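Structure, as structure tokens:
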Amino acid sequence: MKTIGIIGGMSFESTVEYYRIINELINKHLSGLHSAKMLIESYDFAEIEKYQSAGNWEKLTEILTASAKKLEKSGADYIAIATNTMHLIADEVQDSISIPLIHIASAAGNYIKEKNIDTVALLGTKYTMTKPFYKDKLKNEFGINVVIPDESEREIINKIIFNELCIGIIKESSYNELQKIINNCAKKGAKAVVLGCTELPNIIKEAEIEVIDTTKVHCEEIVKRILR
């Protein structure tokens, strides 16, 4: 078994899920007392969010590349960033190390293609929904069309993520708002919804269209790699 290096803490709620899912999958494959060989570098998310809000992606690149290098030196065979948003700088992180980075949008793209889905809705932080790094990868590498919510809906989603889900708060009212947004995206042609924030699966388990849990899909790809 290879060792996965996880860059986490963005937020801790999703990192907990990565730890649980990866270990459960390893045990399912190998049975007995087996669990994953894993290194985790976890951040104070308040610091990360401060730089996100300020648009200081250069500083965030500096922080995450330092983590990736540290994990590589500590023995990681692969790197994974346990969040969708910070894949905005995934290329820079990959360029700073000699081991592979397992990209969450690539894992999602492969899964969507296997399902023969050509158009998806993308829900996530405002950065994931509006910046091109995620949409372009799905479109250019996998031929998948991406529908995003309108501006007011994006603000609702972003507030739910940062004000509630990142600190473990689940509200029925927020669940209902998210379902309305997903239904609106379905009316625009989306045949599935990509939960492009690793906290969203904590509140959305199913919808009127297929739900793609990027946390689970990413973890499944990680396990495939480390068991090769």
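Read the figures in this text as sums done on the coordinates, not as results from a lab. On a predicted model such as this, the values are computed, not experimentally measured, just so you know. No Cβ is skipped: glycine too gets one built from the backbone with ideal geometry, and neighbour counts run over all protein chains shown.
Ordering VAL16, LEU178, ASN27 by the projection of their Cα atoms onto the charge dipole of the chain, which places +1 on the Cβ of Lys and Arg and -1 on the Cβ of Asp and Glu, puts ASN27 at the extreme positive end. Put the Cα centre of region 10-37 next to the Cα centre of region 128-163 and the gap is 27 Å.
Applying both filters, DSSP loop and at most 16 other Cβ atoms within 10 Å, to the trypsin sites (Lys or Arg not before Pro) of region 71-123 gives LYS115. Amide H to amide H, with H built 1.01 Å from N, TYR78 comes under 5 Å of THR3, GLY5, counting only residues 5 or more places away or on other chains. Extending 7 Å from the Cα toward the beta-carbon at both LYS50 and LEU227 defines two label points whose distance is 4.2 nm. Counting only Cβ charges, +1 for Lys and Arg and -1 for Asp and Glu, the dipole size of region 13-78 around its Cα centre is about 260 debye. For region 35-112, the set of GluC sites (Glu not before Pro) satisfying both a DSSP loop assignment and a count of at most 14 other C-beta atoms within 10 Å is empty.
Placing dummy labels 7 Å off each Cα toward the beta-carbon, the span from GLU114 to GLU206 is 2.1 nm. Counting Cα-Cα pairs of the chain in 10 Å increments starting at 0 gives whole-percent bin shares of 8, 34, 38, 18, 2. With viscosity 1.567 mPa s and temperature 4 °C, the Kirkwood radius over alpha carbon pairs of region 105-213 converts through Stokes-Einstein to a diffusion coefficient of 95 µm²/s.
Can you give the relative contact order of region 100-228 as a percent, counting alpha carbon pairs under 8 Å and 6+ residues apart? That works out to 33 percent. Among 146-154, 9-17, 122-130, sorting by the average number of other beta carbon atoms lying within 10 angstrom of each residue, highest first, gives 122-130, 9-17, 146-154. With K and R counted +1 and D and E -1, the other residues having a Cβ less than 11 Å from that of LYS126 yield a net charge of 0.
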